[in-house]
1. For the stretch 172-224, which positions are more than 20 Å from residue 101 (Cβ to Cβ), touching a residue at least 24 places away in the same chain (Cβ under 8 Å) and surrounded by fewer than 24 Cβ atoms within 10 Å (Cβ to Cβ)?
2. When only residues in the stretch 86-103 that are outside any helix (DSSP H, G or I) and surrounded by 13 or more Cβ atoms within 10 Å (Cβ to Cβ) count, which is modelled with the lowest pLDDT?
3. Which one of these is farther than 25 Å from residue 80 by Cα, modelled with pLDDT under 90 and buried (at least 17 other Cβ atoms within 10 Å of the Cβ): 111, 133?
4. When you scan the stretch 36-47, do you find a residue that is surrounded by fewer than 24 Cβ atoms within 10 Å (Cβ to Cβ), in contact (Cβ under 8 Å) with a residue 60 or more places away in the chain, part of a helix (DSSP H, G or I) and under 20 Å from the mean Cα position of the chain (by Cα), even just one?
5. Residues that are over 21 Å from residue 136 (Cβ atoms), at least 2 per element: which helices (runs of 4 or more DSSP H) completely within the stretch 180-253 meet that?
6. Determine whether residue 59 is in contact (Cβ under 8 Å) with a residue 60 or more places away in the chain, crowded, with 21+ Cβ neighbours inside 10 Å and more than 21 Å from residue 133 (Cβ to Cβ).
7. Quick one: is residue 70 assigned to a loop (DSSP other than H, G, I, E, B), at pLDDT below 90 and touching a helix residue (DSSP H, G or I) at 6+ places or on another chain (Cβ under 8 Å)?
8. Restricting attention to the stretch 136-157, which residues are touching a strand residue (DSSP E or B) at 6+ places or on another chain (Cβ under 8 Å) and either assigned to a helix (DSSP H, G or I) or buried (at least 17 other Cβ atoms within 10 Å of the Cβ) (or both)?
């Protein structure tokens, strides 16, 4: 029980943060963090436990976002439409899994990218349904009611905060449940050696499809929530390759195949992204003595805010070279050495 006390304390603190923090920007950072945790934990089910490195999870993220938005335009409230979108993603995952899980290694990775790109091009071309490249804008969500009582009208970030927290917690709990279940042990056996797992009687296709269904459902849920929070979607932001890559980066940085890894990776990636966007890194270097008017200072001031892809790449290279098990694995190894 002692090992779960820090997580319980963290959850308790998270529940009361909106009572102390009233800054919309601070709450916005927390909401982005919840989305990153949810998407990272979602990918971890199939990528971390099963070792199936899907780089096409934007397909399920985008299906969740588009499905919920399209149903809202047809007067179906989002708290019902979200689950329909999740069901659609599950059906698509079963179809995709039955085809792509016949492939292994880089061939599976390429196939997952191709599937997401096909769906993106379909969303781009099917203008009657998706509005094409113009995207779909939702300005106002209907108020959430319980009978005649209005629970929230979505006019502040607080309800989004609590819904994001609940979603992230759900994804974490599902990860824990999968990891220590029979399915989780099967997935981890497949990750270590598919042929050995098959020789022991583990049904490879069915087990991997089960993992993909859970992963797709959670990813679609996160995509729906993110879309409603932002209020706008278009094919590139929903189905783009960068969406899939970010999911993978969260787990690589934090630690693939661990419950805590995606949480740590989400914190690092979200804070780094916001620091780059606000040019805080360049400002910090100037305060440390770098001349703002020098060629280097001017270059950093003008370009560092737009170099997030380069920074992500450098970070991944450093993690792979010096911390192949991610930050969580690195910290655990250091603790074992001290003991």
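The values are calculated or read from the model by the stated rules, or taken from the named source; none is laboratory data. Computed from a predicted model, the values in this text were never measured in an experiment. FYI the Cβ positions are ideal-geometry reconstructions off the backbone, even for glycines, and counts take in every protein chain you see.
1. 172, 174, 176, 179
2. Ranking the qualifying residues of the stretch 86-103, first place goes to 103.
3. 111
4. no
5. Values: elements: 182-192, 194-199, 204-230, 235-239.
Qualifying helices (runs of 4 or more DSSP H): 182-192, 194-199, 204-230.
6. When the stated conditions are applied, residue 59 does not pass them.
7. Values: assigned to a loop (DSSP other than H, G, I, E, B): no; at pLDDT below 90: yes; touching a helix residue (DSSP H, G or I) at 6+ places or on another chain (Cβ under 8 Å): yes.
Criteria not met by residue 70.
8. Hits for the stretch 136-157 are 136, 154.
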